[in-house]
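Since the structure comes first, as structure tokens, the remarks are kept for the end.
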Amino acid sequence: MPRRHQSYQERPSRLDGAVVWTLDVPPGPERPARSVLPDGCMDLIWTAGRLVVAGPDTRAFEVDPRNRGSCAAIRFGPGTAPVLLGVPAHELRDHRVDLTELWPRGAVAALTERIARSAGPAAALEEFALARSADTGPPDPLTAAVAEGLRRGRSVASTAAEVGLGARQLHRRSLAAFGYGPKTLARILRLQRALALVRTGLPFAEAACAAGCTDQAHLAREMRDLAGTTLGAYFSAGDAAANNDTPHPSGSSTTA
């Protein structure tokens, strides 16, 4: 009988800046542990009949290799989830929590039942997020502009000046929206830019400079600090994962 491999799929959501993803991990031998790298995002995950919120990470999150079964989720862009969930991002930093810890149990039970009865949990999560967004409104336009500026590689100082925020105001709003200060978000987004460039085939040194690092050594330090690994080890693991239809290590925030 052929062995089933892990299957990961994602697509852009109809909610601006969000991604819908699914993961199926079939029964079988225990696989090597995977790391989910910081990306400035937060996820709402349906797994084992419950809803889990993955907060913004400041370091790599190790996924338990014993996890089996299917899960579905929606990954929110930086600064989006706190508005939808009604919880400042810094309260969830580096944590995975059950939604019942944030919302009334009755409301969570009703949402859980709706998703369980749906034909597709991922689509049901997306519909919930769209409806919730219609009720709560969009994220703070200032912090959205901050996230966009940093994503494009602008400095924290120039981004703050562009949106008209002082250093203290920017830091306070960033904690609530992103889970950490703008400098940390800038580092995380810069690392993600560099990794994306390496995946296109650019050498480490060229990717580092193009992403905004001073040189390859700078990128290597950021990789150690934020991902807890080296560039070589990360891409070796990523190549192995790709050959087995597993999600890219920075592609989802699964539960422990």
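How big is the stretch 87-153 by the Kirkwood estimate over distinct Cα pairs, in Å? All intermediate terms of the calculation are to be shown ahead of the outcome.
Working: mean 1/r = 0.0695 Å⁻¹.
Across the stretch 87-153, the inverse of the average 1/r is 14.4 Å.
Can you run phi through the Karplus equation (6.51, -1.76, 1.60; θ = phi - 60°) for the stretch 80-93 and list ³J(HN,Hα) in whole Hz, with x for Gly and Pro?
Along the stretch 80-93, the couplings run 8, 4, x, 5, 5, 8, x, 9, x, 4, 5, 6, 10, 4 Hz.
List, in order, the whole-Hz ³J(HN,Hα) value for each residue of the stretch 125-134 obtained from phi through the Karplus relation with A = 6.51, B = -1.76, C = 1.60 and θ = phi - 60°; use x for Gly and Pro.
Each residue of the stretch 125-134 in turn: 5, 5, 4, 4, 4, 5, 5, 5, 5, 5 Hz.
Considering the chain as a Gaussian network with a 10 Å cut-off on Cα pairs, which listed residue, Gly212, Gly40, Gly164, attains the greatest mean-square fluctuation?
In the Gaussian network model the winner is Gly164.
Springs between alpha-carbon pairs under 10 angstrom, Gaussian network model over the chain: which of Thr229, Thr214, Thr200 fluctuates most?
Its mean-square fluctuation being the largest, the pick is Thr200.
List every residue whose amide H lies under 5 Å from the amide H of Gly40, counting only residues 5 or more places away in sequence or on a different chain, with H placed 1.01 Å from N in the peptide plane.
When sequence neighbours closer than 5 places are left aside, the close amide H contacts are Asp57.
I'd like the trypsin sites (Lys or Arg not before Pro) in the stretch 126-181 restricted to DSSP loop residues with at most 13 other Cβ atoms within 10 Å, sorted by number.
Numbers: sites: Arg132, Arg151, Arg152, Arg154, Arg168, Arg172, Arg173; in loops: Arg152, Arg154.
When the trypsin sites (Lys or Arg not before Pro) of the stretch 126-181 are filtered for loop state and at most 13 Cβ neighbours within 10 Å, Arg152 remain.
Which whole-Hz couplings ³J(HN,Hα) result when phi for each residue of the stretch 196-207 is put into the Karplus expression 6.51 cos²θ - 1.76 cosθ + 1.60, θ = phi - 60°, listed in order with x for Gly and Pro?
Coupling constants for the stretch 196-207: 5, 5, 4, 5, 7, x, 5, x, 3, 4, 5, 5 Hz.
Considering only protein heavy atoms and a 1.4 Å probe, what is the carbon-and-sulfur percentage of the accessible area of the chain? Let's see the in-between values first.
Values: 6580 of 12320 Å².
Ligands and nucleic acids excluded, carbon and sulfur give 53 percent.
If you take the C-alpha gyration tensor of the stretch 101-207, multiply each eigenvalue by 5 and take the square root, what semi-axes do you get, largest first, in whole Å? Working shown, then result.
Working: eigenvalues 222, 97, 27 Å².
In descending order, the three semi-axes are 33, 22, 12 Å.
Based on the Cα coordinates of the chain, what is the per residue volume of their convex hull in Å³?
On the way: hull volume 31.9 nm³, N = 256.
Cα convex hull per residue, to the nearest whole number: 125 Å³.
State to the nearest 20 debye the size of the charge dipole of the stretch 152-202 about its Cα centre, where the only charges are +1 on K and R beta carbons and -1 on D and E beta carbons. Working shown, then result.
Numbers: 10 positive and 1 negative charges, 16 e Å.
So the magnitude is around 80 debye.
Relative contact order for the chain: what is it in percent, counting Cα pairs under 8 Å that are at least 6 residues apart? Mind showing how you got there, number by number?
Working: 423 pairs, mean separation 62.6, N = 256.
About 24 percent, as a whole number.
The values are calculated or read from the model by the stated rules, or taken from the named source; none is laboratory data. What you are looking at is a predicted structure, and each value in this text was computed from that prediction instead of being measured. Cβ sites come from the backbone with ideal geometry, for glycine too, and all protein chains shown count toward neighbours. For accessibility, only protein heavy atoms count, side chains too; no ligands or nucleic acids. Shrake-Rupley method; radii C 1.70, N 1.55, O 1.52, S 1.80 Å.
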